[in-house]
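Please read the structure below before turning to the comments.
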Amino acid sequence: MRSLLARVTVTVFATTFIVVVGLMFVVNYQVSENFSSYLYMSGMHGMMMNHGSMKAMMGTPERQFITSLRHSLVLTSVIMLAIGAIVSYYLARSIAVPVINLNKAINNVTAGNLNTAVAIERQDEVGQLAEAFNEMTAKLKSNTILRQRFLAGVAHELRTPLTILKANLEGIADGIISPDQEQINSLTEEVDRLTKMVGELRDLSLLEAGQMVPEYGDVDLNTTLSQVIQKIKPLAYEKNLELILKVDDHVSHLWADNAMLQQMAYNLIINAIRYTSEGSITVKAGWDKQDVYIDVIDTGIGIAPADIKHIFDYFYRVDQARTKQSGGTGLGLALVKQMVTAHGGQVFVTSKLGHGSTFTLRLPLNTHKRCIISP
């Protein structure tokens, strides 16, 4: 039998049958013994000894009693077996049907239907299994959507610079466009943008696969952040933005990957400049006895609540046009998240639309081999 319902039903019924038949024989034996004792006590013992068997000495009333008793036993056994068959079926059904439904749901998911869900009608182990299946399916659907968006984003981001390069090169080849220095610089910018995107995609892939791990070393936090600020200053000055660095004097050195830390700070500050048209960008670093933190505070456009939960997704942009103009790839914040996660930390953002944003990196002290805190 390949049906789980049939196998469970037969198994339970067979157990019931064995128990009922066994009880019938036990009861029959006990009745015979008790009836023999009754005859003995009623004075027929001597007659039994003289005539042989108990059956030969029983009269019509005794025979009718024994026959009636055995008929009652058989009838009771049949009724009990009928009840056992019904109970066996419903018990087997309560066990097998959820498993059968779960199997059908698994087949639907295998066929590509990720909207499949199993009804949770009980709180036992079977219900917990159905709940775990629904959670797994929801996560699988979410990951599939993210993968599709990621591939669509890669295709979109690569198509634009490649189209520009192709059109310009064809124009140069046809003599329509003059290959002067300005044109060469423009094409070089597109190549640089492609190179940057490919590098970021490679780093993201390696980080997610666990193949790129932090190379820990002694990092001077003030020096590292100052170097990043010096790189970015020209971009801030172009927009008349003030760059402010505040490092707590009590935090001197940190045990971390210096290159990753620079990249994370660079991406956060660049992102702040990108969405700030006036005011300032403040970079603060300190510690709170549990974590070392780096805050990047801007006075920019802020982030809507609906956008905050997606801000670290691949290719997600709050303002598509502005990011395009500034050369963003849409991967910077996703890269920050993967790098800080590799350090055992976290990154999050607080923002109010129209009033700026604060991005915070937190690196837990207990995951570092050394973090020197000055007294």
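The values are calculated or read from the model by the stated rules, or taken from the named source; none is laboratory data. Remember, it's a predicted structure, so these values are computed and weren't measured experimentally. In this analysis, Cβ positions are derived from the backbone assuming ideal geometry, glycine residues included, and neighbour counts consider all displayed protein chains. These accessible areas exclude ligands, DNA and RNA; they are computed on the full protein's heavy atoms, side chains included. Shrake-Rupley method; radii C 1.70, N 1.55, O 1.52, S 1.80 Å.
Quick look at the numbers
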{"item": "Heavy-atom SASA rank of Ile18, Ile281 (probe 1.4 Å, accessible area, largest first)", "result": "Ile18, Ile281"}
{"item": "DSSP-defined beta bridges in the range 244-322 - what % are antiparallel, rounded to 5", "result": "65"}
{"item": "Solvent-accessible area, 1.4 Å probe, carbon plus sulfur percent, for the range 121-166", "result": "61"}
{"item": "Qualifying GluC sites (Glu not before Pro) in the range 132-234, DSSP loop, other Cβ atoms within 10 Å at most 11", "result": "Glu215"}
{"item": "Nearby aspartates and glutamates by direct alpha-carbon distance to Lys196 (threshold 19 angstrom, same-chain neighbours under 8 apart not counted)", "result": "Glu157, Glu208, Asp313"}
{"item": "Coil-residue GluC sites (Glu not before Pro) of the range 236-289, DSSP, other Cβ within 10 Å capped at 16", "result": "Glu278"}
{"item": "Of Lys233/Lys284; Lys239/Lys352; Lys233/Lys289, pairs whose Cα-Cα distance is over 28 Å", "result": "Lys233/Lys289"}
{"item": "Rounded accessible area per residue of the range 218-285, 1.4 Å, Å²", "result": "44"}
{"item": "Mean Cβ count within 10 Å, highest first, over the residues of peptides 136-144, 85-93", "result": "85-93, 136-144"}
{"item": "Cβ-placed point charges (K, R +1; D, E -1), dipole of the range 261-315 about Cα centre in debye, nearest 20", "result": "60"}
{"item": "Cα shape, the range 104-254, gyration tensor, a/c 1.5 rule", "result": "oblate"}
{"item": "Shape category assigned to the range 207-306 from the gyration tensor of Cα positions, a/c cut at 1.5", "result": "prolate"}
{"item": "Lys, Arg +1 and Asp, Glu -1 on Cβ, resulting dipole of the range 152-212 about Cα centre, debye, nearest 20", "result": "200"}
{"item": "Relative contact order for the range 134-253, counting Cα pairs under 8 Å that sit 6 or more residues apart, in percent", "result": "18"}
{"item": "Relative contact order, percent, the range 218-294 [alpha-carbon distance under 8 Å, six or more residues apart]", "result": "40"}
{"item": "Candidate lysines - alpha carbon under 17 Å from Lys337, same-chain residues fewer than 8 apart omitted", "result": "Lys309"}
